[in-house]
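Any read-out appearing in this document is the output of simple, stated calculations on the displayed coordinates, not a laboratory observation. From a predicted model like this one, the values you see are computed outputs, not experimental measurements. Don't worry about glycine lacking a Cβ; one is built from the backbone with ideal geometry, like all the others, and counts go over all protein chains shown.
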Amino acid sequence: MPPPCNLSITYMEHKNRKYPRLKGYNYSLPGYYYVTIHNERNASLLSNVLPGNNHCRAAIQLTQIGEIAMEQLLLLEQRYPYVKIDKYVIMPTHIHIIIRLHEGSMPRQGLTEIVGAYKSLTTRAINMTRNTLGEKQFQRSFYETVIRSEAAYQSCWTYIDENPDKWGLQADMEWEFMKKTEVRTEK
């Protein structure tokens, strides 16, 4: 399976953890970023994929936890006026997002801080709903890539758009690819 888009990937939750961000890159700069966030233990908690057939595509049915995740994701645009969520999909075990950072005042929060705030606020809301205060909901890190061209943007958009259709067929292959591969985009 070819990579969905040029992902910067790290071995997550391993002892010899590698820093997953591009060295020296300023992640508060305006631009487009492709982000993947996995929930803790890759449990299928966020949604259900309703299979399609020859006449219709697969559909996502959000769980209560997935609804919270979507609500908090869309609230990022209110919390950070320079953030725009261009495209996203909430899969059972993970979330794919294209985030656009607009021009705006500097200094400001970068991608790592924005994703960290999202995970923190979402975790708090989920734990309040489930009465599981203090329980982790997301893995410690996240995958990202800086989208540097229209072709890369279209590749990420298409991957997000088609991900539900491929869920049953490629979920295991995708996860194995992410665990075994580290792809870096050079500045």
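Odds and ends about this structure:
- Cut-off 12 Å, label 7 Å out along Cα→Cβ of Ala58, residues of the stretch 91-105 by amide N: 91-94
- Per-residue 3J(HN,Hα) values for the stretch 144-160, derived from phi via the Karplus relation 6.51 cos²θ - 1.76 cosθ + 1.60 with θ = phi - 60°, read 8, 8, 7, 7, 10, 8, 4, 5, 5, 4, 4, 5, 5, 4, 5, 4, 4 Hz in sequence order (x marks Gly and Pro).
- Placing unit charges on each Cβ (+1 for Lys and Arg, -1 for Asp and Glu) gives the stretch 31-180 a dipole about its Cα centre, and among Ile90, Thr122, Ala152 the Cα reaching farthest toward its positive end belongs to Thr122.
- The HN-Hα couplings worked out from phi for the stretch 88-94 by the Karplus form 6.51 cos²θ - 1.76 cosθ + 1.60 (θ = phi - 60°) are 7, 9, 9, 7, x, 10, 7 Hz, whole numbers, x standing for Gly and Pro.
- Computed log10 I(q)/I(0) for the stretch 31-180 at 0.15, 0.16, 0.17, 0.18 Å⁻¹: -0.81, -0.92, -1.03, -1.15, from the Debye equation with unit scatterers placed on every C-alpha and solvent omitted.
- Distant-in-sequence amide contacts of Ser28, defined by a placed amide H-H separation under 5 Å and a gap of 5 or more residues or a different chain, comprise Leu111.
- Rounded to the nearest Hz, the phi-derived 3J(HN,Hα) couplings of the stretch 100-105 under the Karplus curve 6.51 cos²θ - 1.76 cosθ + 1.60 (θ = phi - 60°) are 10, 9, 7, 4, x, 5, where x marks glycine and proline.
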